[in-house]
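For reference, the structure is listed below as structure tokens.
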Amino acid sequence: MAVRVRLPQVVTRRGLGNTILRVALVCVGVVAVLFFAISIYYYYRYQGIVDERLKQPIFATTAKIYAAPREVRPGQKQSLTAIVNELRTAGYTPDGSSQTSPLGTYSQSGESVTVRPGPQSYHSQDAATIQFDHGVVHSLVDDHGQALSSYELEPLLVTGLSEDANRTKRRLLTFDEIPPNLVQAVLAIEDRKFFEHSGVNYISMMGWAWHDLVGDRKHRGGASTLTMQLAKLLFLSDTGTFKYKLTQIMVAFNLEHRFTKKQIFEMYSNQINLGQQGSFAINGFGEASQAYFGKDVRQLTLPECAMLAGIIQRPNYFNPFRHPERVMERRNLVLDSMVETGAITKAQDESAKSQPLHLSQQSVDASEAPYFVDLVRDQLNQKLEERDFNREGLHIYTTLDPDLQRAATAAVDSTMHVIDEKVEKLHARHHMGEPITYPQVAVVALNPHTGQVLALVGGRSYGTSQLNHALAKRPTGSIFKPFVYAAAFNTSLAGTMLPGHDELFSPITQLNDEQTTYEVGNQEYTPRNMHGYHEEVTARYALQMSLNNATIGLASLVGFDQVAALARQAGVKSARGTPAVAIGAYDATPLDMAGAYTIFANGGLHLDPWMLASVRTPSGDVITDYSPTSKQMLDPRVAYLTTNMLQNVINSGTGFEVRRRGFTAPAAGKTGSSHDAWFAGYTSNLLCIVWVGNDDYTNIVLQGSDLAAPIWAEFMKRAVELPQYSDTHDFNVPEGVQLVTIDKATNLPADSGCMDQTYTAAFLDGTVPSQTCSHPNTDKRNFLQKIFGLGEKKP
């Protein structure tokens, strides 16, 4: 009986356990099926999102802006290494490389390099060999052995146009162009199992889920693989929720299914944000390499690769320009991680850690010429009209000289603090308690013989203000005065004497500098001199010291309309025939004035400034080439006579600040101080205009010699150190002009009796006085006085 009582109890317990087990298995199965069903649902749901996104190119094609080709000439100071590096940067590959660049190839042998442009080169496929000797270009020969006087290298990429309203810039790379050290650095710090997992690191993901469930967001981490990061970068917005993470996983699975690991890494390398440069976002390692190190990504060193990988986590926090110490610490962490993964040895790690960051000191204004590029974009919109040059990825070849652009930016950066100090001192004396207005700046540099805009700075900082002051219309001030004197020389060329004078106009023509009132319509106009008045002065001295009354008086003799007409022809379109025209009362832009001054610097031939040279397809086919417009506006003799007087302005007049600051090359120039501060000047191979003024149009008060001349001098000192501008020489004297030694006391040609105090002036043939300093004509009366027998014969 006892047995029959206990047996059912044992069976009942076993049955209950089996039931629970079966229920549990069913529940697990249901959950698994549900999870699988949900995963399938979301996979295909987000496959549609991926499909839609991939209907368009992942990365927008953008137009590429190229600099002018560098010209190599025998006698230049150039090193073989510098030329080879430039060829590599341009995209040339060494002969025998596994992948031959369509741009071209090069081969190096001893102290020479042979350049062979390819089918997609800017140039025709004419090879040349450059021979060096102790850091100097010794000779150039073509592929037939014929000597060349010069040879142009492949234009360098300046920048790509920004893709969108967010002002994003990138330089697209293929996986093979990414240095192995950079690949290993990214994997070591971001995703060590990238080439092993299928898009998700499940162990890291479980850790993320656990911290999320318990609310420990501080230690939760991201748990995102590179594929998941790419999913976020291309398709999603991070909300930090579980649903977002699930969506990110589904998109990552889609990407892994569609692309190889190399393709995924390549896309990631082109999309990842790596900080900000000025007003532009830096996306991708190609752009970051240029922004932070000023070099092509293929030239990055191990510590540089580690730095770029390190700033992926928090680009703004790890900004190397603002926080170098924390970036150094982060870089070293990446290097340690690379040791852990076996990518580098401990010795390589220690060597790389000993290196400083080696950041490029170039600002975006220096390296990418943003004001220049904005102007190029505007011109493309005008010239190509409806054509979508950006989407087509056209190659835009310009006139920019990157070396000179860096020199112009450096001149502004190194001088503006001195200008600010002068403004602050003036403000303290006259406007204490009022807010200070700090001035803006513009620099325009041209080749005076071609009109090419070689460098352009449109403001203090492009990141702060994108307003291009090179296009700001401002009163030109005294840099306009050379047009008055050129118009006067025109009368001598025509054999016409000025009213009241019995000799043709020359540098020693006497001008009245007394204060004079002119009637303009129903109003009176009484100009003032900045440094007092004189009775009579030579024309040379009047321009040397920028005397207003003497210059307006000369313009009245020549004819205000004639002066204004010459200026309008040269590009000062607003000039009108009034007394004020002579001292620059009418507006022009710094770019206008650069073009206007070509008539003096280029033998009377006017050239419109130009920036666009050629537009081509990505394969190198020419869409259109551009050439400058030119017109002869002055006789070469008149251009030189004016230039010679402007040389005196720099050597002995208001432009002497240029000499005081150490610029010694032959040059001609003029200060301007009406409302704004200007300096316009040129050498035998370079023309530069500098403007300094206030954005609110208030009078800057200080003079051109105080504010603009220092920037001009600093720029030109840097320019003549460059190989392409180092051969500056004296201005060529044209036929029909003679240089005459003049006695300072009498302003007559010097002879053996008066050679102590002299100067040299340029005269048109037939205008040199016949008398000399020892035998002067004592009759100083003017033409009318002599006719009517008036006045006294002064000794």
- Listed residue pairs exceeding 20 Å between alpha carbons, taken from K261/K353; K64/K383; K573/K631; K473/K631; K481/K573: K261/K353; K473/K631
- Calculate the dipole size of the chain relative to its Cα centre from +1 charges on Lys and Arg beta carbons and -1 charges on Asp and Glu beta carbons; express the result in debye to the nearest 20. 4020
- Note on the structure: Sorted list, accessible surface of protein heavy atoms, 1.4 Å probe, largest first, for E519, E340 is E519, E340
- Average projected area [Cα convex hull, region 525-671], square nanometres: 11.7
- Item | Most positive-pole-ward Cα, I689, F293, S351, against dipole of the chain from beta carbon charges | S351
- Message: Using a 4.7 Å cut-off between beta carbons, which cysteines in the chain end up with no partner cysteine at all?
- Response: C27, C305, C688
- Query: Roughly how many Å is it from the Cα centre of region 414-437 to that of region 659-712, as a whole number?
  - Reply: 18
- Item | Protein-only accessible surface order, largest first, of M633, M432, M545, M228 at 1.4 Å | M432, M545, M633, M228
- At a 1.4 Å probe radius, carbon and sulfur cover how many percent of the accessible area of region 660-705? 49
- When N counts the residues of the chain, how does its alpha-carbon radius of gyration compare numerically with 2.2 N^0.38 Å, as a ratio? 1.30
- Note on the structure: Applied in sequence order to region 498-505, the curve 6.51 cos²θ - 1.76 cosθ + 1.60 (Karplus, θ = phi - 60°) yields integer Hz couplings, x standing for Gly and Pro, of 5, x, x, 10, 9, 9, 5, 4
- Restricting to aspartates and glutamates and to Cα separations under 13 Å from K422, and discarding same-chain partners fewer than 8 apart, the set is D706
- Where K261, K744 fall by accessible area, highest first, once all protein chains stay in place (1.4 Å): K744, K261
- In sequence order, what are the phi-derived ³J(HN,Hα) couplings for region 127-141 according to the Karplus relation 6.51 cos²θ - 1.76 cosθ + 1.60 with θ = phi - 60°, rounded to whole Hz, with x for glycine and proline? 7, 8, 10, 9, 9, 10, 8, 6, x, 10, 5, 8, 7, 10, 9
- Task: Could you list which residues have their amide H under 5 Å from that of L148, counting only those 5 or more apart in sequence or on another chain, with H placed in the peptide plane?
- Result: L140, V141, D142
- Query: Thinking of region 377-416 as a set of Cα atoms, what percent of all their pairs are more than 17 Å apart?
  - Reply: 51
- With every protein chain in place, what's the accessible area of E385 (1.4 Å probe, Å², nearest 10)? 130
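In cubic angstrom, how much convex hull volume per residue do the alpha carbon atoms of region 638-707 span?
89
For the chain, what is the mean residue ellipticity at 222 nm derived from helices alone (per DSSP H run of n ≥ 4: -39500 (n - 2.57); sum divided by total residues; nearest 500 deg cm²/dmol)? If you can, show how the numbers build up before the last one.
Numbers: 24 runs with 310 residues, N = 795.
Computed mean residue ellipticity for the chain: -12500 deg cm²/dmol.
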- Quote the accessible area belonging to R192 in square angstrom, nearest 10, computed with a 1.4 Å probe and with ligands, DNA and RNA left uncounted. 110
- Query: R0 = 60 Å: FRET efficiency of R298 with K573, Cβ-based, nearest 0.05?
  - Reply: 0.80
- Counting other Cβ atoms within 10 Å, keep those with at most 16, restrict to DSSP loop, and tell me which chymotrypsin sites (Phe, Trp or Tyr not before Pro) in region 502-554 are left. Y533
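Accessible area per residue, 1.4 Å probe, Å², for the chain: what's the number?
Each residue of the chain exposes 46 Å² on average to a 1.4 Å probe.
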- Query: Can you work out ³J(HN,Hα) from phi for every residue in region 581-594, in order, using Karplus 6.51 cos²θ - 1.76 cosθ + 1.60 and θ = phi - 60°, giving whole Hz and x for Gly and Pro?
  - Reply: 4, 5, 10, x, 7, 9, 7, 7, 8, x, 5, 4, 5, 5
- Note on the structure: Bounding extents of region 334-486 in its principal axis frame from Cα atoms, largest first in Å, are 74, 52, 30
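The values are calculated or read from the model by the stated rules, or taken from the named source; none is laboratory data. Everything numeric here is computed off the predicted structure, so don't read it as measured data. Note that we place each Cβ from the backbone using ideal geometry, even for glycine, and neighbour counts take in every protein chain shown. Heavy atoms of the whole protein, side chains included, go into the accessibility calculation; ligands, DNA and RNA do not. Shrake-Rupley method; radii C 1.70, N 1.55, O 1.52, S 1.80 Å.
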